[in-house]
Amino acid sequence: MTEIEREIEAEVRNRPPLHEPRFTGTAPPTVGAPALAMPEYVEHREGATEIGKLSAEAVVREYEAAAKEIEAVGAELTERVAQCQTMTRDAFRMTEELKEIAARYREEAKRVFLQIESCSLMTAEVRKTCAELSEKISASAATATATDKSKLKKK
């Protein structure tokens, strides 16, 4: 049986009998109806039968329970949305930090690039100077050797 049927059966059993019950030798089982308040947005109509009232109450309670569960899902969803918003803000902040780090890396790359080129230029200048000095030394030595040879020939 569904919950609604159980509630209706319990209410019917707890109702005062319309006529005297026959004695069967066993006591009928007694089940108490749940003491749930009826939602404020509904009200019994005049002239509604007792079984109609009980059935309507049972159905509206089921709908109300479902509505409360739907609201709970909505609250959970709202909480998840707030978490997503926090994650989104954090991600945007992190993205900005990453952009700053990338800019610093580019500046460092430029500094290292210029330093390497400066070292390369300086090394090229040193090699050029060494080559020029080497040529001067060789030219000087050749001139000195030629001068020495010409002095020896004169003797």
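Any read-out appearing in this document is the output of simple, stated calculations on the displayed coordinates, not a laboratory observation. Since the structure is predicted, the reported quantities are computational estimates derived from the model, not experimental observations.
Convex hull volume of the C-alpha atoms in the stretch 70-155, normalised per residue: 56 Å³. Extension gain for ALA109-ASP148 works out to 8.3 nm (0.36 nm per residue, less the C-alpha to C-alpha distance). A prolate overall shape is assigned to the stretch 54-97, the ratio a/c of its alpha-carbon gyration tensor axes (a ≥ b ≥ c) being 1.5 or greater and a/b exceeding b/c.
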